[in-house]
Amino acid sequence: MADLSVQIKNLVFRNPVTLASGTCGFGEEMTPFINPDLLGGLFVKGLTIRNREGNPYPRMAETASGMLNAIGLQNKGVDYFIQDILPRIRHYQTHIIPNINGSTVKEYIQVAEKLADLDRIPAIELNISCPNVKAGGMEFGITCPSAFAVTEAIRKVYPKVLIVKLSPNVTHITEIAKAVEDAGADAVSLINTLLGMAINADTRKPVLSTVTGGLSGPAIKPVALRMVWQVYRSVGIPVIGIGGIMNALDAIEFMLAGASVVQVGTASFIDPTVSLKVIQGIEDYLNIHHISRLRDLTGGLITD
C-alpha cells in the first residue's frame, strides 16, 4: 500500500486530507457521518480572545459553483474552547489545529499564548485575513509589513508549528508568502475565501447582511491552484492547499501544484463524508500510477 503520510516541520500527518476551519465546527458536528480519527487533521473553528456574536443574518448564500459566507468569526472565545470544547474532542486520534484571529496584534498574541502549552494542540493556523482596527480596518494579510509583523509577534510566543493562512485578495500573493516565511512561519495555507457578493434582483438588495462576503467552493479552484503553484515556487516552507476541493483528483491537482496537505471545506456541506472519499481516492490514484509515497507527488507539475 502507498504511504500517505506527509510532514510539516516535526508534525506528521497520517494522510494529507484535513477539514478546513469554519466548515467542520469543532469536529463533533461531523461524527454522525465520519470518524475524525481517519483524517489527517481538523482545522477547527476560528477562535478569538473574547466571545463574538458574528454578523447579522442572512450571512450565507448559495452561488453558482460555490457559496458566500459572512459569518463574522462567531465563537465563544478561546477560554470557552479550552475549558468546554477541548475536553470533549481531545480523544480524537488526529491533529486538532485551531484557527486564531484578532483585531490587533495584541489579541492574536493573547490567543496564541493560551494555546501554546496545550498538549493536544500541536499547531495553530494564523488567519491574517482579519481587519486590523489600528490600520483603519485593512486586513493584516494584504501588505507585507503587516503580515510580517503579526507573524513575527506570534512566532515569539508560540513554539509549536505555526501555519499562516493567506488571503487571496492581494496583488502579489508570493510577496506576502515570503514575508510570513521570513517572519518565522513553518507553513502557509491558501487560499482563504475570495471577496464576492450576491444581489436579489426582486428586492434590489444584497443577499448578505454585510453586502459582501467570502466566496468558496469549486468556483475558486482555478485561482487557488494558480496561487498554490506560485507560492510553492517562491518559498521554502510547506504549502497547504485550499479552495474548491470536491474529490480526490482535485486534491491531486493541488499536490501537483505544490501542496503537501489539503483542506476540504465547502464540499462537506454537500457530502459530509467527502473527506474520507478523497483519502481513498488519493490512495487509489497512487496505486494505479505505481507511486509508493504521496510526498513524492508534491510539486510534480510538468510545465515543459
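The values are calculated or read from the model by the stated rules, or taken from the named source; none is laboratory data. No experiment lies behind these values; they were computed from the predicted model shown. Quick reminder, even Gly has a Cβ in these numbers, built from the backbone with ideal geometry, and neighbours come from all protein chains shown.
Within the stretch 228-241, identify whether any single residue is hydrophobic (A, V, I, L, M, F, W, C), in contact with a Phe, Trp or Tyr (Cβ under 8 Å, 6 or more places away or on another chain) and crowded, with 16+ Cβ neighbours inside 10 Å, and answer yes or no.
Here is the first cut: in the stretch 228-241, the ones hydrophobic (A, V, I, L, M, F, W, C) are 228-229, 231, 235, 237, 239-240.
Checking the rest, the ones that are also in contact with a Phe, Trp or Tyr (Cβ under 8 Å, 6 or more places away or on another chain) come to 228, 239.
Imposing the further condition that a residue be crowded, with 16+ Cβ neighbours inside 10 Å reduces the set to 228, 239.
Within the stretch 228-241 (the criterion being hydrophobic (A, V, I, L, M, F, W, C), in contact with a Phe, Trp or Tyr (Cβ under 8 Å, 6 or more places away or on another chain) and crowded, with 16+ Cβ neighbours inside 10 Å), the answer is yes, since at least one residue qualifies.
Please indicate, with yes or no, whether at least one residue in the stretch 208-221 is at pLDDT 95 or above and closer than 27 Å to Lys114 by Cα.
No, the stretch 208-221 has no match at all.
Just to be sure, is Gly137 surrounded by fewer than 22 Cβ atoms within 10 Å (Cβ to Cβ) and over 28 Å from Gln7 (Cβ atoms)?
Spelling it out, Gly137 is indeed surrounded by fewer than 22 Cβ atoms within 10 Å (Cβ to Cβ) and over 28 Å from Gln7 (Cβ atoms).
Do you know which of the residues in the stretch 135-171 that are outside any helix (DSSP H, G or I) and touching an Asp or Glu at 6+ places or on another chain (Cβ under 7 Å) is nearest to Gly241 (Cα to Cα)?
Taking the stretch 135-171 first, the residues outside any helix (DSSP H, G or I) are 136-139, 143, 158-171.
Narrowing the set further to residues that are touching an Asp or Glu at 6+ places or on another chain (Cβ under 7 Å) leaves 161-163, 165, 167.
Working: Val161: 17, Leu162: 16, Ile163: 12, Lys165: 10, Ser167: 12 Å.
Only one residue fits best here, namely Lys165.
Output yes when any residue across the stretch 220-236 is closer than 26 Å to Gly72 by Cα, of a type outside the set (A, V, I, L, M) and in contact with a Lys or Arg (Cβ under 9 Å, 6 or more places away or on another chain), and no when none is.
Within the stretch 220-236 (the criterion being closer than 26 Å to Gly72 by Cα, of a type outside the set (A, V, I, L, M) and in contact with a Lys or Arg (Cβ under 9 Å, 6 or more places away or on another chain)), the answer is no, since none of the residues qualifies.
Residues of the stretch 140-160 being touching a strand residue (DSSP E or B) at 6+ places or on another chain (Cβ under 7 Å) and surrounded by fewer than 20 Cβ atoms within 10 Å (Cβ to Cβ), which ones?
Residues satisfying the conditions are Arg155, Lys160.
In the stretch 105-122, is there at least one residue being surrounded by fewer than 19 Cβ atoms within 10 Å (Cβ to Cβ) and among the hydroxyl-bearing types (Ser, Thr, Tyr)?
no
It is to be established whether one or more residues within the stretch 180-200 are surrounded by 20 or more Cβ atoms within 10 Å (Cβ to Cβ), of a type outside the set (Ser, Thr, Tyr) and more than 16 Å from the chain's Cα centre (by Cα).
yes
Condition test on Tyr80, is it more than 28 Å from Ala224 (Cα to Cα) and among the hydroxyl-bearing types (Ser, Thr, Tyr)? Break it down stepwise before answering.
Numbers: more than 28 Å from Ala224 (Cα to Cα): yes; among the hydroxyl-bearing types (Ser, Thr, Tyr): yes.
Spelling it out, Tyr80 is indeed more than 28 Å from Ala224 (Cα to Cα) and among the hydroxyl-bearing types (Ser, Thr, Tyr).
Of the residues that make up the stretch 279-302, is at least one surrounded by fewer than 23 Cβ atoms within 10 Å (Cβ to Cβ) and closer than 20 Å to Glu125 by Cβ?
Yes, because at least one residue in the stretch 279-302 is surrounded by fewer than 23 Cβ atoms within 10 Å (Cβ to Cβ) and closer than 20 Å to Glu125 by Cβ.
Among Gly72, Gly77, which is the only one that is surrounded by fewer than 18 Cβ atoms within 10 Å (Cβ to Cβ), at positive phi and at pLDDT 95 or above?
Numbers: Gly72 fails: at pLDDT 95 or above.
So the residue among Gly72, Gly77 that is surrounded by fewer than 18 Cβ atoms within 10 Å (Cβ to Cβ), at positive phi and at pLDDT 95 or above is Gly77.
So how many residues does the stretch 124-134 have that are in contact (Cβ under 8 Å) with a residue 60 or more places away in the chain and either in a strand (DSSP E or B) or over 26 Å from Thr18 (Cβ atoms) (or both)?
Looking only at the stretch 124-134, we keep the residues that are in contact (Cβ under 8 Å) with a residue 60 or more places away in the chain, and these are 125, 127, 129.
Among the residues that remain, those that are also either in a strand (DSSP E or B) or over 26 Å from Thr18 (Cβ atoms) (or both) are: 125, 127.
Number of matching residues: 2.
Give me the residue from the stretch 43-65 that is in contact with a helix residue (DSSP H, G or I) (Cβ under 6 Å, 6 or more places away or on another chain) and at pLDDT 95 or above and, out of that set, nearest to Val278 (Cα to Cα). First the steps, then the outcome.
Pass one, the stretch 43-65, residues in contact with a helix residue (DSSP H, G or I) (Cβ under 6 Å, 6 or more places away or on another chain): 47, 49, 65.
Imposing the further condition that a residue be at pLDDT 95 or above reduces the set to 47, 49.
Working: Leu47: 27, Ile49: 34 Å.
For the stretch 43-65, the residue satisfying everything is Leu47.
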